[in-house]
1. For a quick check: with amide H placed at 1.01 Å from N, whose amide H comes under 5 Å from residue A:83's, ignoring anything fewer than 5 positions away on the same chain?
2. How large is ³J(HN,Hα) for each residue in the range A:100-110, as worked out from phi by the Karplus curve 6.51 cos²θ - 1.76 cosθ + 1.60 (θ = phi - 60°), to whole Hz, x for Gly and Pro?
3. Can you grab the distance from the C-alpha centre of the range A:50-84 to the C-alpha centre of the range A:186-223, Å, no decimals?
4. Amide H to amide H, which residues 5 or more places from residue A:106 or on other chains are under 5 Å from it, using H placed in the peptide plane?
5. Please order A:76, A:216 by the number of other Cβ within 10 Å, starting at the fewest.
6. Please arrange A:120, A:182 by counting, for each residue, the other beta carbons lying within 10 Å of its beta carbon, fewest first.
7. What number, rounded to the nearest 500 deg cm²/dmol, is the helix-based mean residue ellipticity at 222 nm of chain A, given -39500 (n - 2.57) per DSSP H run of at least four residues and division by all its residues?
8. For the range A:40-56, in order, what is each residue's ³J(HN,Hα) by Karplus, 6.51 cos²θ - 1.76 cosθ + 1.60 with θ = phi - 60°, in whole Hz (x at glycine and Pro)?
Amino acid sequence: MTGPFPVELLLGDTLAVARSLIGARLVRGSGPDARIGRIVEVEAYIGPEDLACHARTGLTRRNATMFGPPGRAYVYLVYGMYHCLNVVTEPEGSPSAVLIRAVEPLSGIEHMRRARAERLAAARRTTPSEANARPAVGTSAAGPASNGARLAAGPGLVCVAFSIGRADDGANLCDPRADLRLEAAPIGESLPIQAGPRVGIDYAPEPWRSRPWRFYVPGNASVSVAAGPGQDAGLAR
DNA sequence: GCAAAGATTTGCT
DNA sequence: GCAAATCTTTGCC
């Protein structure tokens, strides 16, 4: 069994916190319909001096949650169409967070699949009528991802699978009674951890662009494709 | 007040 | 392999 995720674990060094979040459970809802996934990929964003971190611009309306207490969910909209979920770390006033990049679905997989299908259908409806005439792709329950391993294999997909939006910004993920929450990994469970450069931050100057602040489980089928296979190939031996 | 780009994903060439 | 989708936030005039 799993238990609550202690907020004390989020107070320390964000790089250590990022590693400790690998293997933790992300949970949405309760009972038989609960969606549960194991975190297999994260990235650390550390304070105003990290020029890849949203806190680099100082306190703004968007990133205010990052300046708050640890254990809160920092959720923002990226590219106008996807949300990203972060776990706020370090004491209040120290703006750092860990981006949840990928989750391995464990329970409620059908619920996640449904959320994904609804998302694609909604996007399709807003496109020109010509698009409506084309057959739906990716909405089928069958296909390569039928085992569900890829349902949350990316930061945007995590939020789709767990129905996470701006309404969840600021929520306390360490509250065991919360609808969206973290839970600790089962006692004795251990996963290998690989470090590599963060993904999608080409706008950041060195040395931040190359800092190995992305952590993931090598070889896990639910890790995002963006930089997984190539790095694994070079580091897996 | 306006233009540009973004911690992404998908589908077409 | 590349560009579109889509909208909020940021940066500059």
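1. Those qualifying (amide H under 5 Å, at least 5 residues apart or on another chain) are A:78.
2. 7, 8, 7, 9, 8, x, 10, 9, x, 5, 5
3. Comparing the Cα centres of the range A:50-84 and the range A:186-223, I get a distance of 19 Å.
4. Residues meeting the criterion, in which the H sits 1.01 Å from N, are A:36, A:37, A:38.
5. Details: A:76 16, A:216 27.
Fewest-to-most ranking of A:76, A:216: A:76, A:216.
6. A:120, A:182
7. Mean residue ellipticity at 222 nm (helix-derived): -5500 deg cm²/dmol.
8. 3J(HN,Hα) across the range A:40-56, in whole Hz: 10, 7, 9, 9, 9, 10, 10, x, x, 7, 6, 6, 9, 8, 4, 6, 5.
The numbers here are math on the coordinates, done by the rules we state, and not lab data. A quick note: this is a predicted structure, and the numbers were derived from the prediction, not measured. So basically every Cβ, Gly included, is an ideal-geometry build from the backbone, and we count neighbours across all protein chains shown.
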